[in-house]
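The values are calculated or read from the model by the stated rules, or taken from the named source; none is laboratory data. Source: prediction; values computed, not measured. Neighbour counts are summed over all protein chains in view; Cβ atoms, including those assigned to glycine, are modelled from backbone coordinates with ideal geometry.
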Amino acid sequence: MRAPTPSALLEGLADIQATWRQELQRTPGHQLRNQYHPELSPIGWHFAHCLFIEAVWLRERILQEKPRADRDWHDLYFPEQSPKWRRGGRLQNQHAMLAEAVERQQEHRALLAHDDRVLTHPLLQDGYLTGFLTQHHALHLETMQQVRCAAARRRSPCLPPRRRIPAEGRVPPAQWLEIPAQTTTLGSDSILAFDNEKPVHEVHLADYRIARRPVSVGAFADFIAAGGYTQAQWWTAEGWLWRQSNRVSGPLDWAFQIGACEGRRTQRLHCLPVAPAEAPLEAPVSGVSRYEAEAFARWAGVRLPHEAEWELAARAYPLVGTGAVWEWCANPFYPYPGFCSFPYDQYSKPWFDGQHFSLRGGSRFSHDWLKRPSMRNFYTPEKRHVFAGLRLARDPD
């Protein structure tokens, strides 16, 4: 995508700030403070953290103002200084939070638009910091949707009516794009690119095949009906231990019914997958961990794509369905050759630990600016709440 102008970046920041205020206004007070998932902060914390990050960069880092003296400032809104489970009880009430946001966000936009001390700072070259803040807030807005989904599960432990997957004829076979061997470039030098997308560099890829579409609800139901969650042969040792320990039998938010099928001589009982009612059979499956994605790929006799393969295909070929679910890739999250942390050391560098894996594409809750071919997301392989699915790849026949 073409990089937005500084004025368009400022408009984007104003839009995302307004979206956040609307989301906060429609959040019941108790949901504002509650933690609904052990790995997710309360919605109110995400909102206040975004306002805090604006103040840290503009007032403390650029204008060199002293931090606020409040106890609940750095030690609440810097994630490394505040455990998630302690955050909700320390938040302002909803009215105070919104009132402060309206005032502070207007001040921050004015600084970004008119203050020469800010505009001449290197971080504002081509509007970089404005775009960084907008995307930071957009990432937290997507996390807020994860919180809403977790809250819905907590309110309704008995799942709503689901769509039973028919026994046969669910979806057509995967359609493959044939990608010839070539040297290509990865990464981006856009003003919107995060540090882990840089620098632009060349890689050589052997020829491969990649599925035109992500794996669908119906295709994943085939895996379940075939006993994919009961046969260790499809799973890595680590993935199988995770599946057993957590008693996982299908994607997040799926239900299962016991039914009968005719064997050659006797009737056998088996689980019938029942997908969320709102999920058409052809829609990309969501709510799967990387362990499940890898097991499905093994069962299908293929593999997950390396993120370099995914990026090349997304740039040059008609991939269908990108931006519906984050798509797990085969490789751990890693630094590109010549990587430099920017604008701070902790955004990407701590996660190059071999335990986080790359995801590509964006979800239905991702901001449009995040749905670019070079965008890299990263999570540990057991995560299921992050709106993730998968796309398949394979080597040539």
Counting only residues that are part of a loop (DSSP other than H, G, I, E, B) and either surrounded by fewer than 22 Cβ atoms within 10 Å (Cβ to Cβ) or at negative phi (or both), the range 174-210 contains a total of 16
Can you find even one residue in the range 354-364 that is in contact with a strand residue (DSSP E or B) (Cβ under 9 Å, 6 or more places away or on another chain), without any contact (Cβ under 8 Å) to a residue 24 or more places away in the chain and not assigned by TED's automatic domain parsing to the domain that holds Tyr128?
-> yes
Of the listed residues (Glu292, Glu238, Glu282), the one being more than 22 Å from Leu370 (Cα to Cα) and at pLDDT below 95 is Glu282
Go through the residues of the range 211-218 one by one and say whether even a single one is farther than 30 Å from Thr184 by Cβ and either hydrophobic (A, V, I, L, M, F, W, C) or surrounded by 15 or more Cβ atoms within 10 Å (Cβ to Cβ) (or both).
-> yes
What residue, of Arg21, Arg86, Arg26, is among the charged types (D, E, K, R) and farther than 30 Å from Arg372 by Cβ?
-> Arg86
Pairs where the first residue, in the range 313-341, is closer than 22 Å to Ala181 by Cα and the second is modelled with pLDDT under 95 and in a loop (DSSP other than H, G, I, E, B), C-beta under 9 Å, 6+ apart | Ala313/Leu319; Val320/Gln175
So is Arg360 under 14 Å from Pro251 (Cβ atoms), in contact with an Asp or Glu (Cβ under 8 Å, 6 or more places away or on another chain) and not acidic (Asp, Glu) or not?
-> no
Go through the range 8-22 and give me each residue that's under 16 Å from Ala99 (Cβ atoms) and surrounded by fewer than 20 Cβ atoms within 10 Å (Cβ to Cβ).
-> Ala18, Arg21, Gln22
Are any of the residues in the range 112-135 surrounded by 14 or more Cβ atoms within 10 Å (Cβ to Cβ), in a loop (DSSP other than H, G, I, E, B), modelled with pLDDT of 95 or more and not assigned by TED's automatic domain parsing to the domain that holds Glu197?
-> yes
Since Gln35 meets every condition but one in (1) farther than 26 Å from Tyr128 by Cβ; (2) surrounded by fewer than 18 Cβ atoms within 10 Å (Cβ to Cβ), which condition does it not meet?
-> (2)
